[in-house]
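Student: Dropping a structure here in structure tokens format, bear with me for questions.
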Amino acid sequence: MNVRVLEEERLSDRLRELTVRAESVGVDALRIQVLLPRGWSARGTRCWPLLSLHHGGLDDCRSWTRETDVERLSRDDDVLIVIPDGGRAGGYTDWRRGPQWQRFHVREVFELMRDRYRASSVRAVAGVSGGGYGALLSAARNPGTFRYAAALSGLCSIRTPLAAVGLLAATAVAGRVNPLDMWGVPVLHDRHWRASDPLHLAPRLRGTGLYLSAGRTGRPGPLDPPGAAWSPANLAEPIVRSTVGPFLRRLRALGIEPTTHLYRDGTHSWPYWKRELHLAWPLLMRSLS
């Protein structure tokens, strides 16, 4: 196995947190949270469908159980849920020079879940913000691996001018990593950018169910408390939304019809992603049943 478990901590009846070492991403200690189905037993033989949840660029695996009610939401569903770290501004991609996050998330985490918790090959993936982009990329780079992919405020393309500039700036300034190590120089290394662009890879999404959601303005909406402080992260919401239109047009030209929830106001924040998780949940569970 390419991922070595260093520690396992029991946080609740169903929630476990693993500390692992993965050579593929060059990190000595990553965390992975695992939500077990209620019927899971260490002595059992049954295998379980696997749902992977990805966090945003500057967050970690604990954000899903901290910011949403996914533990309660999933209690009656016979599904194994894995929430792996994605690295600070890791990009959910195999870097041109550096960590191989696609390899870690799509192959190595699955192998760990299969061998340790009896995950089956029936899989779905969902993510928020950068993790939403990661969900689309994982499904597109690995056709047939995921039955469903849900992107909540996730970029649908990295090659539109606005998205590319926003990504490079956010990765360098907020993520404090060299963005050119990830995909190389735009245009000059376009082969690497295309290989990580859901819009370019759209034909490979045939047969995968899709859920896309995003706000148009990034301004405070119905789920923001009155007088809430403005966050630079909210600039990401209209950038994300600018990539949804081209992606939808490409999908529909290919005969692929995703489920969408495109709203006007709402910040780039967890209250909206929690709402979208509830809207996408029945679709995710249906795909795994």
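Student: Per residue of the chain, what 222 nm ellipticity follows from adding -39500 (n - 2.57) for every DSSP H run with n ≥ 4, rounded to the nearest 500? If you can, show how the numbers build up before the last one.
Tutor: Numbers: 9 runs with 90 residues, N = 289.
Computed mean residue ellipticity for the chain: -9000 deg cm²/dmol.
Student: Taking 7 Å along the Cα-to-C-beta vector as the label spot, tell me the W40-L6 distance in nanometres, rounded to one decimal.
Tutor: Label at W40, label at L6, 2.2 nm between them.
Student: Which distance in nm do the two modelled labels at T19 and D181 give, with both placed 7 Å along the Cα-to-Cβ direction?
Tutor: So the label points at T19 and D181 sit 2.4 nm apart.
Student: Let me ask another. Given that just one value was derived from the coordinates, which of (i) 7, 31, 37, 21, 4, 0; (ii) 6, 24, 29, 21, 12, 7, 1, 0; (iii) 6, 28, 34, 18, 6, 4, 3, 1, 0 is P(r) over Cα pairs in 10 Å bins from 0, in percent?
Tutor: It is the one labelled (i).
Student: Pop the C-beta distance of A253 and R88 into the FRET formula with R0 = 35 Å and round what comes out to the nearest 0.05.
Tutor: On the way: r = 36 Å, r/R0 = 1.04.
Efficiency, rounded to the nearest 0.05: 0.45.
Student: Hey, in the GNM for the chain with a 10 angstrom Cα cutoff, which one of L212, L262, L35 fluctuates hardest?
Tutor: Top of the fluctuation ranking is L262.
Student: Among DSSP bridges having both ends in the chain, what percentage is antiparallel? Round to the nearest 5.
Tutor: Working: 19 of 43 bridges.
Given both bridge residues lie in the chain, the antiparallel proportion sits at roughly 45 percent.
Quick note: the coordinates plus some simple rules give every number you see, no bench work behind them. Bear in mind the structure is a predicted one, so any value in this text is a computation, not a measurement. Glycine also receives a Cβ, built like all others from the backbone with ideal geometry; neighbour counts cover every protein chain displayed.
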